[in-house]
């Protein structure tokens, strides 16, 4: 029925184009929270909220109670807002589902009803989920793949008139993972003392996020790609001393992804830089690094590396490991990969 992309819903809310029913769901809480918070902030002014805004949790109210609230007329306002957080905890027994379905077929025009359903989506086989897609503004917030986080961070900053260095955005992504709430929290800390138009640098990431610009998994991959043994061993020695900064499980996952991309690079040697960036799902800025790594590691060596990564993953879990700690395992593994 209505806009169903994150950007379009944002734009409509900011234009004060409100729908009678919103249904936000999915695995990425950031999208759900952002849209819900925007409706909470924009439909009513502060005076109107006192009498016309209800925020409840799915486990606390029955369908009858929620719909009774929805049926009220607003007091001294054009709209009332009813927000159901943690809507995944709603009781959807047959009789309650039927109550929701009757309301969805004829929602109250002066009520803005918002369902914030986290950690997944409603059962698409049931009428409740089907009807929501037909009647309400339905949006499913999906997790972004980790290779998309750096670009997303650049876009988030750009919308607020800030910039970020390519390497700084990649390091931020490496340190936060693909939890957008965590990413935005770090970005907000980075810009708090900066003027619009400023550029976030590696130094900012180091001081603001607490990730060393020299000793991190991103730099480890880069050093190994260029077979810079001295730098790579310096980094893993640092990780062995500071395990929170480079836990073995993170290093293993990063190197698995890194060498898998090098393997793909071998299979696409004739590709242009733009094509290779698309295949590897990396920023074009870093294609030169992967091309250098393709020259430094043969397919045969890569196959050996994959066996090594599997071996050390098992050893980190206690298989065929006679008490060697994770720091020593990491140093041993990186030495074997580089030699």
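Going by how many other beta carbons lie within 10 Å of each one, how would you line up 306, 218, fewest first?
Listed from fewest to most nearby Cβ atoms, that is 306, 218.
Look at where the Cα atoms of the range 1-55 and of the range 285-302 average out, and the two centres are 47 Å apart.
Rounded to the nearest 10 degrees, the angle from helix 180-191 to the longest Cα principal axis of the chain is 80 degrees. From largest to smallest, the equivalent ellipsoid semi-axes obtained for the range 146-208 from the alpha-carbon gyration tensor read 16, 12, 11 Å. Per residue, the chain reaches -17000 deg cm²/dmol at 222 nm when only DSSP H runs of four or more residues are counted, each adding -39500 (n - 2.57).
Panel order for 176, 207, by other beta carbons found within 10 Å of each beta carbon, from fewest to most: 207, 176. Of 90, 157, the sequence from fewest to most neighbouring Cβ atoms within 10 angstrom is 157, 90. Only Cα pairs under 8 Å and 6+ residues apart enter the sum, and on that basis the relative contact order of the range 217-338 stands at 38 percent. Between helix 149-159 and the chain there is an angle of about 50 degrees, using the helix long axis and the longest principal axis of the Cα atoms. Between residue 62 and residue 270, the FRET efficiency from the beta-carbon distance, with R0 = 51 Å, is close to 0.20.
Counting every pair of alpha carbons in the range 217-338, the share spaced more than 19 Å apart comes to 46 percent. For the range 181-259, the Cα gyration tensor yields ellipsoid semi-axes of 27, 14, 12 Å (square root of five times each eigenvalue, largest first, whole Å). With both labels modelled 7 Å from their Cα along Cα-to-Cβ, the residue 178 to residue 230 distance reads 3.8 nm. When both bridge partners sit in the chain, DSSP labels roughly 5% of those beta bridges antiparallel. Anisotropy class assigned to the range 1-105 is oblate, per the alpha carbon gyration tensor with a/c at or over the 1.5 cut-off and a/b no larger than b/c. Modelled spin-label separation between residue 339 and residue 145, with each label point placed 7 Å from Cα along the Cα-to-Cβ direction: 3.6 nm. On full extension, the segment bounded by residue 201 and residue 291 gains 29.9 nm, given 0.36 nm per residue less the C-alpha separation.
The angle separating the long axis of helix 94-105 from the principal Cα axis of greatest extent in the chain is about 80 degrees. Can you work out the base-10 log of I(q)/I(0) for the chain at q = 0.10, 0.15 1/Å, using the Debye formula on its C-alpha atoms alone? Those come out to -0.76, -1.14, one per q.
Kirkwood-type hydrodynamic radius, the range 84-169: 15.9 Å, calculated from all non-identical alpha-carbon pairs. For residue 86 and residue 158, what does the FRET efficiency come to when R0 = 35 Å and r is the distance between their Cβ atoms, rounded to the nearest 0.05? For residue 86 and residue 158, the calculated efficiency is 0.60. Between the beta carbons of residue 99 and residue 18, assuming R0 = 25 Å, the FRET efficiency works out to 0.60 to the nearest 0.05.
Where a number appears in this text, it was derived from the coordinates with a stated rule and is not lab data. If you're wondering where the values come from, they're calculated on a predicted model, not measured in any experiment. Every residue, glycine as well, gets a Cβ built from its backbone with ideal geometry; the counts of neighbours run over all protein chains shown.
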